Each structure stands twice: as structure tokens, then as C-alpha cells.
Amino acid sequence: MFAPIRTFLPMHFAIVGIALAGTVQAAPKFSEWSEPQPTVGGGCPIESRNGNILYTASGSAGTLDIWTYRRDGRKGDFSDRTRLEAPVSLDDADDFCPTPVAGNWLFFVSDRAEDGACGGADIHLTKYRPYPARSYGEARNLGCAPDGPNTSGTELSPALLNTEDGTYLYYSSNVGGNQDIYRSEMAPDGSFSAGTPVPGLNTGMDDRQPNLSRDGLTIVFASDRDSGVFDIFMSTRDSLDAPWSTPRNLSVELGFPTAGMSETRPSLSWDRKRLYYGSGGTVYVSERKPGR
């Protein structure tokens, strides 16, 4: 059973949060990940919840912009590349790390010049309004620490986790030097707190771009802790209160074909069957099947 969808009111407008199981049960069993295959161009990949849209980021006229690819059904091929126009993608800013959540909301990162900017790149939030505008509304900065998760550094890859005990935003930041993985908590008024480092995942190297499974029991991220280039790591936990396991280097363990190249911004599909990441300007996807 899933907890009811919850509505929040950050910065004077509502977010419909992601609903997760109220009582976390044993994680489903899956086969091991398959050899990743190239799909589309770009980086920063992440699927919509229904699996029919793939959000990416790639260069356009000297800056990074956010793009979508569409398909009809989860077994189809992505096509119909579309740039998300302003206020998401601006001509004079890098806009990247898109993260769609329930209710047509979109988190993303931007280094745009704006009043209230916190640092190199900040986490923003906007909402798609299908009727009648068919466009995104104003993009809001989530706020600067200590009154928000953004810092004087660069924040990357927001990932929202909603539980019965609270709503949390995972992301990475280099405010402390290297990129580390942080967690921010949503307050009753809908604002987000300053982030705190997530125990068990960070090292003295660069640990960045986290993404969680919908039950919050699996996290994937990129790190250069092993080889000096970014590999894809995965960690699990038995419950939301349990510590994270020692992260596995999936790139090395499973012999990803892009091993030896930097692999960045991994993300899990809503059904937990697909793992995406970017490498060398191409998006790759690995798949697994439910096991017994």
C-alpha cells in the first residue's frame, strides 16, 4: 500500500510530493544489471515516472540546456528531441541535472544570474502547466544556506524522497571542497533546510550526483574514488533508518563498456528496472529483470 500523495507549499506554491510506501517492506529481488547500451545523445539522464519521457542535458549555442526525448511505451525507442524553453533553459546560463517529480514539477540546476543566487550553480524548481499554457511557470531558487540547500559552491542532481516521516532532498555540493552527497529536509511550510552530509557515502574524493529508488532503499551516484575517473556506484539499505551498505563500483564489477571513461549522473527508473548514466556525450541504459 502506498501512502496518500502529499501536497506541500514551498515559496507560495504547491508541490505534489512523491508517495512512497508508509511501511517499507523487503526490497524486490532483481537480476544483475545488463551491459549498458547507448540510447540518445546528451548527459544528466532521468526518466519520467511513466517511462515515456527521458530528460537530458546537452550543449546548445555554448551553454547547457535541458532536453526531452519521448517514446510510446517503455520498450520503445526515444525520439522527438525537444528543448525545454525559458524559464527552464536560458540562452545565457547552464541549465542541467533535470529531475521530474509527481504533479508536473521539475527540479533542475542552473548557474543563471538572478537576485538571490547563492553560488556557482543552484537548485531550482518549476511546474509544468499543461492547460492552457503548455509551458513551465516561474523557476524558483530553493534558497541559500542556512535558509535553503543551496550554497556558495555548486549543487548537483536533486532527488526528492517522500516518506511518512518526512520529505528529503538528496543532492551533491562542493561547498566543502570536493563534491559530497547531502540531504536536506522539507519543513512544514514547504521550505528546505540547509543540507547535511549523508553518512557512509562520502570519501575524500569526489562523490556526486545521487539518485534514489522510489522506496529510498537504493542510491546510485558517481565517484572518482577508485580510478581517478568517475564510475557508477550503488549502495543499499534494509530500511529508511538503516545505514547505507559499502558502495559497489558497478562500472568495474560488471565491466561496463564505458569503464575507463567518466560515467556521470546515474539515475534509476521509477519501476527500478533501468539504470541510466551519461558518458562521452551519450546516454547509456542498463536493464535488469525481477527475480525470484
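The values are calculated or read from the model by the stated rules, or taken from the named source; none is laboratory data. Predicted model only: the values in this text are computed from it and were never measured. Cβ placement follows ideal geometry from the backbone for every residue including glycine, while neighbour counts extend to all protein chains displayed. Quick note on the areas: whole protein, heavy atoms, side chains included, nothing else; ligands and nucleic acids left out. Shrake-Rupley method; radii C 1.70, N 1.55, O 1.52, S 1.80 Å.
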>> As an exercise: evaluate residue 187 against (1) modelled with pLDDT of 95 or more; (2) within 30 Å of residue 119 (Cα to Cα); (3) aliphatic (A, V, I, L, M) and give the number of the one condition it does not meet.
In response: (1)
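Looking at residue 96, is it touching a Cys at 6+ places or on another chain (Cβ under 6 Å), aromatic (Phe, Trp, Tyr) and touching a residue at least 12 places away in the same chain (Cβ under 8 Å)? Let's see the steps before the verdict.
Values: touching a Cys at 6+ places or on another chain (Cβ under 6 Å): yes; aromatic (Phe, Trp, Tyr): yes; touching a residue at least 12 places away in the same chain (Cβ under 8 Å): yes.
So residue 96 passes the test.
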>> Just to verify a result, which residue in the range 137-190, among those that are touching a Leu at 6+ places or on another chain (Cβ under 8 Å), within 25 Å of residue 86 (Cβ to Cβ) and among the hydrophobic types (A, V, I, L, M, F, W, C), is surrounded by the most Cβ atoms within 10 Å (Cβ to Cβ)?
In response: 159
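Can you pull out every residue in the range 74-84 that is closer than 15 Å to residue 136 by Cβ and either surrounded by 15 or more Cβ atoms within 10 Å (Cβ to Cβ) or touching an Asp or Glu at 6+ places or on another chain (Cβ under 8 Å) (or both)?
Applying the first criterion (closer than 15 Å to residue 136 by Cβ) to the range 74-84 yields 82-84.
Listed by number, the residues that qualify are 83, 84.
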>> For the range 208-277, give me every one of the strands (runs of 3 or more DSSP E) that falls completely inside it and has 2 or more residues that are among the β-branched types (Val, Ile, Thr).
In response: 218-223, 231-236
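Results for (1) open to solvent by 10 Å² or more (accessible area, probe 1.4 Å); (2) in a strand (DSSP E or B); (3) of a type in the set (Ser, Thr, Tyr), shown as yes or no for each residue.
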position: 72; (1), (2), (3): yes, no, no
position: 86; (1), (2), (3): yes, no, no
position: 100; (1), (2), (3): yes, yes, no
position: 122; (1), (2), (3): no, yes, no
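Taking the range 226-248 as the region of interest, how many residues are among the basic types (Lys, Arg) and crowded, with 17+ Cβ neighbours inside 10 Å? Give the derivation first.
The first filter runs over the range 226-248 and keeps only residues among the basic types (Lys, Arg), leaving 237, 248.
Of the ones still in play, those that are also crowded, with 17+ Cβ neighbours inside 10 Å are 237.
Of the residues in the range 226-248, 1 are among the basic types (Lys, Arg) and crowded, with 17+ Cβ neighbours inside 10 Å.
For residue 111, indicate whether it is open to solvent by less than 50 Å² (accessible area, probe 1.4 Å) and under 18 Å from the mean Cα position of the chain (by Cα). If you could, list the steps in order and put the result at the bottom.
Details: open to solvent by less than 50 Å² (accessible area, probe 1.4 Å): no; under 18 Å from the mean Cα position of the chain (by Cα): yes.
Judged against the criteria, residue 111 is not a match.
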> Regarding residue 59, is this residue open to solvent by 10 Å² or more (accessible area, probe 1.4 Å), free of Cβ contacts under 8 Å to residues at least 12 places away in the same chain and not in a loop (DSSP other than H, G, I, E, B)?
Replying inline: yes
> Only one of (1) open to solvent by 60 Å² or more (accessible area, probe 1.4 Å); (2) assigned to a strand (DSSP E or B); (3) of a type in the set (A, V, I, L, M, F, W, C) fails for residue 205. Which number is that?
Replying inline: (2)
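What are the residues in the range 256-278 that are closer than 14 Å to residue 230 by Cα and in contact (Cβ under 8 Å) with a residue 60 or more places away in the chain, if any?
Pass one, the range 256-278, residues closer than 14 Å to residue 230 by Cα: 256-266, 277-278.
The answer is 256, 257, 258, 264, 265, 277, 278.
Out of curiosity, is residue 94 within 28 Å of residue 41 (Cβ to Cβ), open to solvent by 40 Å² or more (accessible area, probe 1.4 Å) and acidic (Asp, Glu)?
Values: within 28 Å of residue 41 (Cβ to Cβ): yes; open to solvent by 40 Å² or more (accessible area, probe 1.4 Å): yes; acidic (Asp, Glu): yes.
Criteria met by residue 94.
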